[in-house]
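Asks: Would you mind keeping the following structure in view while I ask a few things?
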Amino acid sequence: MIDSFMPYIEKKAYGLNVPGLDINDFRQEAIIALASAIETYDESRDARFSTYAITCINNRLTDMVRSASSGKNKLLNESLSLSGEDEQNASSYVESPEEMVIIREEYRELLAKIAHDLTELERDALLMFNSGYSYAEIAEKKNTTPKAIGNALQRARNKLKKD
């Protein structure tokens with residue numbers, strides 16, 4: 001049920017304006033964050049999945065803007081609002097167990113696409129970056145350069161955009 005989050009993702013993506021990045025970059029990062037939220041959601045915690053997913057999306061987009069803006073906090077603060085409005089809107093997204101099953105199936109399909117379409121470096125870089133590692137940390141673990149990791153992530157994004 002990734003589709004149920006698309007209006008929210010579109011709204012957030014259109015609200016961002018960072019030189020060198022386009023709306024598709026923001027959409028894709030938000031979808032990856034949603035997929036990560038599906039994988040890491042813990043039902044035993046006192047949070048709805050929709051609230052957790054919106055928080056993951058917001059955090060991911062915030063990190064993306066921060067990274068692309070090279071520390072220009074003014075742009076970050078103006079571009080991405082993390083107000084209580086997000087949590088109020090989140091309750092209308094995913095509420096039922098049936099929707100969770102659909103979301104999990106779409107997530108499995110995304111993982112299959114990642115496994116099939118990406119090289120080992122692209123896959124590892126994408127998963128590690130999504131887990132919070134910096135380009136430099138990934139490069140160190142993969143025995144390569146941060147530039148090579150950035151290129152691998154860009155190739156991975158481009159491959160995943162193709163449908």
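Read the figures in this text as sums done on the coordinates, not as results from a lab. Computed from a predicted structure; not experimentally measured. Positions of Cβ are generated from backbone atoms using ideal geometry, with glycine treated the same way; all protein chains shown enter the neighbour counts.
Asks: Summing +1 for each Lys or Arg and -1 for each Asp or Glu, what net charge is found among the other residues whose Cβ lies under 15 Å from the Cβ of residue 143?
Replies: Result for the neighbourhood of residue 143: -1.
Asks: With the contact rule set at Cα under 8 Å and sequence spacing of 6 or more, what percent relative contact order holds for the range 118-163? Display every interim value, and only then the final one.
Replies: Numbers: 32 pairs, mean separation 20.1, N = 46.
Relative contact order for the range 118-163 comes out at 44 percent.
Asks: Let me ask something else about it. Pairs 141/162; 113/161; 113/141: which exceed 21 Å Cα-Cα?
Replies: As for pairs spanning more than 21 Å Cα to Cα, those are 141/162; 113/141.
Asks: While we're here: Tell me whether the range 116-163 comes out rounded, prolate or oblate; compute the Cα gyration tensor, take square roots of the eigenvalues as a ≥ b ≥ c, and use a/c under 1.5 as the rounded threshold.
Replies: The shape class here is prolate.
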